[in-house]
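Readers should treat all values here as calculations from the given coordinates under stated rules, not as data from a laboratory. Not measured: the values here are computed from a predicted model. Neighbour counts are summed over all protein chains in view; Cβ atoms, including those assigned to glycine, are modelled from backbone coordinates with ideal geometry.
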Protein chains: 4
Amino acid sequence: MEPLRLAVAGVGNNISALFQGAEYYRRADAEGITEDSFPGIRLPRVAGLGVSDLRFVAAFDVHPAKVGAAFTDAVLCPPNNYPRLDVELPEVDVVVDEGMRVADSEPGSAAFDRVVERLRQSRAEVLLYSLPTGLQKTATAYARAALAAGVAAVNCTPELMARDPELLADFERAGVPLIGDDLASQFGTSVVHRALLGLLAARGITLVSSYQLNFGGNEDFRNLRDQGASKQQSKLNALAQDGVDTSRVEVIPSAGFIGQLKDNKVAVLNLEGRGWAGTPVSLDLKLKVQDSSNASGVIIDLVRIAAAALRSGIGGFCPAAAGVLKSPAGGHGAHSPEVVAASLRALDDTARPAANAHP
Amino acid sequence: MEPLRLAVAGVGNNISALFQGAEYYRRADAEGITEDSFPGIRLPRVAGLGVSDLRFVAAFDVHPAKVGAAFTDAVLCPPNNYPRLDVELPEVDVVVDEGMRVADSEPGSAAFDRVVERLRQSRAEVLLYSLPTGLQKTATAYARAALAAGVAAVNCTPELMARDPELLADFERAGVPLIGDDLASQFGTSVVHRALLGLLAARGITLVSSYQLNFGGNEDFRNLRDQGASKQQSKLNALAQDGVDTSRVEVIPSAGFIGQLKDNKVAVLNLEGRGWAGTPVSLDLKLKVQDSSNASGVIIDLVRIAAAALRSGIGGFCPAAAGVLKSPAGGHGAHSPEVVAASLRALDDTARPAANAHP
Amino acid sequence: MEPLRLAVAGVGNNISALFQGAEYYRRADAEGITEDSFPGIRLPRVAGLGVSDLRFVAAFDVHPAKVGAAFTDAVLCPPNNYPRLDVELPEVDVVVDEGMRVADSEPGSAAFDRVVERLRQSRAEVLLYSLPTGLQKTATAYARAALAAGVAAVNCTPELMARDPELLADFERAGVPLIGDDLASQFGTSVVHRALLGLLAARGITLVSSYQLNFGGNEDFRNLRDQGASKQQSKLNALAQDGVDTSRVEVIPSAGFIGQLKDNKVAVLNLEGRGWAGTPVSLDLKLKVQDSSNASGVIIDLVRIAAAALRSGIGGFCPAAAGVLKSPAGGHGAHSPEVVAASLRALDDTARPAANAHP
Amino acid sequence: MEPLRLAVAGVGNNISALFQGAEYYRRADAEGITEDSFPGIRLPRVAGLGVSDLRFVAAFDVHPAKVGAAFTDAVLCPPNNYPRLDVELPEVDVVVDEGMRVADSEPGSAAFDRVVERLRQSRAEVLLYSLPTGLQKTATAYARAALAAGVAAVNCTPELMARDPELLADFERAGVPLIGDDLASQFGTSVVHRALLGLLAARGITLVSSYQLNFGGNEDFRNLRDQGASKQQSKLNALAQDGVDTSRVEVIPSAGFIGQLKDNKVAVLNLEGRGWAGTPVSLDLKLKVQDSSNASGVIIDLVRIAAAALRSGIGGFCPAAAGVLKSPAGGHGAHSPEVVAASLRALDDTARPAANAHP
């Protein structure tokens, strides 16, 4: 199986985790650990692609210390603070290109054309969009650039991309995949909080109040503190489900920047309920995760799904991705677990050797 | 709807919670709170029976201070330490009878015959078995006594009752319900731990280790400390599920008796996992519940199911109860969620007024 | 002993706690509970004054719903959300006056003169300054007004008052007490964090990192989120002590407004250290307190000290107050525990009946 | 400075921690880290002795796998499960001798004489007694053997040794140090709990209830579960102090054996109090430490104090050790902080080069 040719917009902690992690698993494989025993992996293979089958072919950023740097150096460059894993990193023959800024991210601008050209020349299959939250215009421009170059786009951020109907229609028409929006962390606060709220409701315990606070030491937490409101609503949406009264739930997406935590994220959760005869039920929880690992464990699935869809000629959104996105195109309602599983199987089938298909 | 005529073996905290709770909801109803808004209730109605539709008609115990006491007094008698709820308790016209002891619990013994006679005379519909853990012989004798009196039996404890094939067959033949074994707390440590372990597995996080400790201040915790081993295994069984390696999980059912907690139970849980690239995921949780409320919120469903089954002439185990039992007859595998739901609907249907059925 | 005649600037939660609490203890006394058994009291008597010996004689605020309202109503008026204690509140014959605003808080302004006049007319002994954090100019004006009226001033806030050398000198010259600045909560995050950091150092455990986050549901938390920086430094200062490297400590004074917590404050603390052979020591703590109770438990000492000093003719700062202030005049270094204790004893002595002194 | 010649009775985790730790610091020193920056060290020097100035010269145990083994192997032999630190361990030219058992621990028995002979022959200065809790007779025998050989004795366990007046008098008469009893962990649950209870009292918060549970995965936790009662009282004693009502405190010294924790110890603490107006104060804490490191960080001080006292000819108990013992000879009251500090300084003085003393 040809490795996946990946271009990235934003060379932050997520890319550091993805790049180092791919090497981590390559070494595990070399040490004789079987794929099924790799720690932290949801899907060892997607359409034949393993978790180390990545080739980084292009990278865009605007940070002065990263633009012009060798990819491997940029990945380890501050403010990135994902831990340096105990693996040797290969020299990747890629220099970080200057990416688009808000000011010059119009389709047709010099920066835009430069990105399209670079994507074509690198023969990238997938462009992973992973810039800081809040740059809607830039996000749209990268999606348009990917489309112009015939490259599948994956959007890790809350910006509108696959949920933009016009954009999605254009990708569909062109037979190019567009996967988004906003990745759901592999084991994040939302998924845990949602599980506990759902359990409370299923067991007939009445929710009195619940809160969730998140804090950490990477750039997301430095930036997020002021943009809390939209993120807050998006997090509350993620908790909504049958029988759960989210009006009793409060969420602080970024309670503060705690530098010592580096790329770790800590969440504290509290649930107060009333059981039989109104007597109290009280639950307190602390969750600590490596924030960018939590993203990369999902990104590895998204980019493989995007590449597999591209290779199969499937344009637009691919339901196989819906389970690990916060806001999939069409909403969660449009993609039942059965549809998601079937879509994943269909991708896997396309990857089976012809010999199997026609004995 | 005639209220459910209930006999109880063991007048401990669970019965205090059940009796006081029924009055609590009666008052809530009187204050105009609708059933659907009652706190802590999973099923407002089971086959037409509401949560206050209980009449205590007989009670058995061996505690010197309880035997011979008026039921209402026995319920509040130490070592019972369920909180005295802020509701007025009715005088129940029942005196606590001396129950069976291990030594005289043979069918045919004087104590056995006395219990059978009392059950018959009281016209009980359901006998709730709720004695301390570990008295297998006594449990069997109470089941046999219920059968002899034509009274449905409900077993809250880990003792074998509905899982005893011979006993179950005899109840089936006689057309008398036998519901057990071992209630699953309404919102207990096991259900929370199980949900989190399942979530971890579903998201592809590799479990490294996990522990669970429980402690509290009621008699269960005083007694349990030495009988940990069987309880430990039963708790581990409750956590087993697809993708979860329970060999990495340790459980201490009773870590200690802390008198100040009274009838509260506290659990501390820890999960350590590895995500993408082997980086750590760590979760700590503290759960505090009113132990006997947690039981009564489930008992109220079990006794209503038992009564409804008896009224409908359904003998043996009733699948409607499987979801709130730790070890249902036949095992969990025998009762899919669909079967459980259908069984519950069938009971509800029998309770519909004839007028509806034959217009 | 004459009750203390108290005027308050700011009728927020602290005043609600103080007013309701004084009644709470009055009732406890009526029920025969002795002073020494009152819950939550550090000093049952200060210079003969008990915790219920308060008479509210004047109150200033600028909130439209409070100005002009009867004192008792203003105390319970939202956004105040201190719990309504289970005590009957007396009708206090005081209407809330319009206080000074930033714009008209110059000594000599109409508002200033009105406050001075009101203080005089009410024969207040102590003016308690308890407005939201950040109004330095207003704080100074209230202090000047108190001085003009010969009323002792107590400053609960981080604003400069007793640390303003000119202001302090003027109070000293006039023989009027000035007690400040910034109350240390009775059992707050700082005092707990400080104790644990000190203990770690004393035992030879090397501090690696530590953080502290605070959140709650009263107005302080709504306002504080943007003014974190100065508060952050002041909190770090409170943790500084021999052997503690505060460069390894991070503090978020307000991690977020969680409305459901109402007037409760929650803090989460973490300490990571290294012990023998560099092996890890890890401590996590959650503290939940009633925020305004935590303040009032200290205010009750401060106002009694201020009144006692005034009655004894002691102007300026009174060392007896140093132990419960975050930033006492002269700094903590100027007031050893011995000096504080001696000052408190001296106040107590002045209150002894002459009969005792000269039998 | 001659290294300290140390004999050990019991080759468990504490000795593993002590031995590996000494090498850890030796390497740190070789890497240019100054003593004052060593992590986890309370006293870099005691009477001139550094933390690596240890020579293990004799060792006693009864575990079949340890007796006859090379010291270095025995230290790493299961059930010992202290982590293998990342340092190279030297081959120590000592074979573990068979120690005394309860049956043959009379002074004059063959086993006793063998121990005395071995101590003499090894020219040990200090015998560290560190066997499992509960072997009073064996503890006394080891103390008597040390005395017979003129070797200072240090008792890490709760057994009576320095508190045995007759034994202590005999050591005093012989001019041989006897240091004990029962080491206080460097940063253990008791010291943290005590600090928080003391703080609560000092601030005037009324204690309502408090509990402490400890659990872990080393042999202590496997053994302790049944011997809880005496340990429980000893832990409660450790919490007693002015203003603290220990009748409201409950302690479970070993809540359970959790193998996955290995040599780590976890404690959970809860304090519930009442502040101003009876409103609640609630504190929850989790502490995780490397159990044997916590002991060795104190043992290193105790053995250096014992050796320094021996070298100075000071027999009996040495007050310098009182601060890190749970039950020092004479009780804590007999050794004020000033006395302890003076005793430590006196030891240090004896170690100053003669050139300084006689210029």
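Summary table
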| item | result |
| --- | --- |
| Ascending count of other beta-carbon atoms within 10 Å, so fewest first, for C:V95, B:V57 | C:V95, B:V57 |
| Residue exposure sequence - A:F38, D:F187 - by fewest surrounding Cβ within 10 Å | A:F38, D:F187 |
| Tail weight of P(r) past 55 Å, computed on alpha-carbon pairs of the protein assembly as shown, percent | 36 percent |
| Ellipsoid equivalent to region D:189-290 - semi-axes via the Cα gyration tensor, in Å | 27, 14, 10 |
| Neighbour-count order for C:I33, D:I179, A:I41, fewest beta carbons within 10 angstrom listed first | C:I33, A:I41, D:I179 |
| Taking only Cα atoms of region C:249-359, radius of gyration then Dmax in Å | 20.5, 66 |
| For region D:211-339, with +1 on Lys and Arg beta carbons and -1 on Asp and Glu, the positive-most of D:L283, D:A308, D:G323 along the dipole | D:A308 |
| Cα pair count fraction exceeding 24 Å, expressed as % - chain C | 58 percent |
| Lys/Arg +1, Asp/Glu -1 at C-beta; region D:124-175 dipole; positive extreme among D:Y142, D:A153, D:A124 | D:Y142 |
| Lys, Arg +1 and Asp, Glu -1 on Cβ, resulting dipole of region B:1-118 about Cα centre, debye, nearest 20 | 240 debye |
| Most mobile listed residue (A:S37, A:S292, A:S16) in chain A, GNM with C-alpha springs under 10 Å | A:S37 |
| Loop sites in region D:13-70: GluC sites (Glu not before Pro), DSSP, at most 13 other Cβ within 10 Å | D:E31 |
| Nearest-to-axis residue of chain B, judged by beta-carbon position, where the axis maps B onto D, in Å | B:A255, 2 |
| Cα long-axis angle, helix B:189-202 against chain B (0 to 90 degrees, to the nearest 10) | 40 degrees |
| Charge-dipole axis of chain C as Lys and Arg at +1 and Asp and Glu at -1 on Cβ define it, positive-most pick from C:L207, C:A7, C:T133 | C:L207 |
| Between 0 and 90°, nearest 10: helix B:136-149 axis offset from chain B longest Cα axis | 40 degrees |
| Neighbourhood charge, 12 Å Cβ-Cβ cut-off, centred on A:F38 and excluding it, Lys, Arg +1 and Asp, Glu -1 | +1 |
| Given charges at beta-carbon only (K, R positive; D, E negative), |dipole| of the protein assembly as shown in Debye | 0 debye |
| Net charge, A:T140 excluded, C-beta distance under 14 Å - Lys, Arg +1, Asp, Glu -1 | -3 |
| Exam field: D:G243 pseudo-label spacings to other copies (7 Å along Cα-Cβ), nanometres | 2.1, 4.9, 5.3 |
| Highest-MSF residue in chain B out of B:A321, B:A306, B:A195 [GNM, Cα springs under 10 Å] | B:A195 |
| Convex hull of region D:1-123 built on C-alpha atoms - directionally averaged projected area, nm² | 8.6 nm² |
| Inter-copy separations for C:A202, label at 7 Å along Cα-Cβ, nm, ascending | 0.7, 4.9, 4.9 |
| Between helix A:165-174 and chain A: long-axis angle, C-alpha atoms, 0 to 90°, nearest 10 | 40 degrees |
| Gain in span if fully extended, A:V95 to A:R123, counting 0.36 nm per residue against the direct Cα distance | 8.6 nm |
| Shielding by partners, peptide C:82-93 (average Cβ within 10 angstrom, other chains) | 1 |
| Charge sum, other residues only, whose C-beta stays under 12 Å from D:N155's C-beta, Lys/Arg counted +1 and Asp/Glu -1 | -2 |
| Rel. contact order, % - alpha carbon contacts under 8 angstrom, at least six apart, chain C | 19 percent |
| Cβ-vector label at 7 Å, A:G150, separations to other copies in nm | 8.4, 9.5, 9.5 |
| Taking region C:140-241 and dividing mean pair separation by its residue count, relative contact order in percent (alpha carbons under 8 Å, at least six apart) | 22 percent |
| Given B:K231/B:K286; A:K265/C:K326; A:K326/C:K262, the pairs whose alpha carbons are separated by over 27 Å | A:K265/C:K326; A:K326/C:K262 |
| Inter-label distance for B:A30 and D:E31, nm, one decimal - labels placed 7 Å from Cα along Cα-to-Cβ | 7.3 nm |
| GNM top mover of D:A69, D:A30, D:A17 - chain D, alpha-carbon springs below 10 Å | D:A30 |
| Charged-residue dipole, Cβ positions (Lys, Arg, Asp, Glu), chain A about Cα centre, Debye nearest 20 | 580 debye |
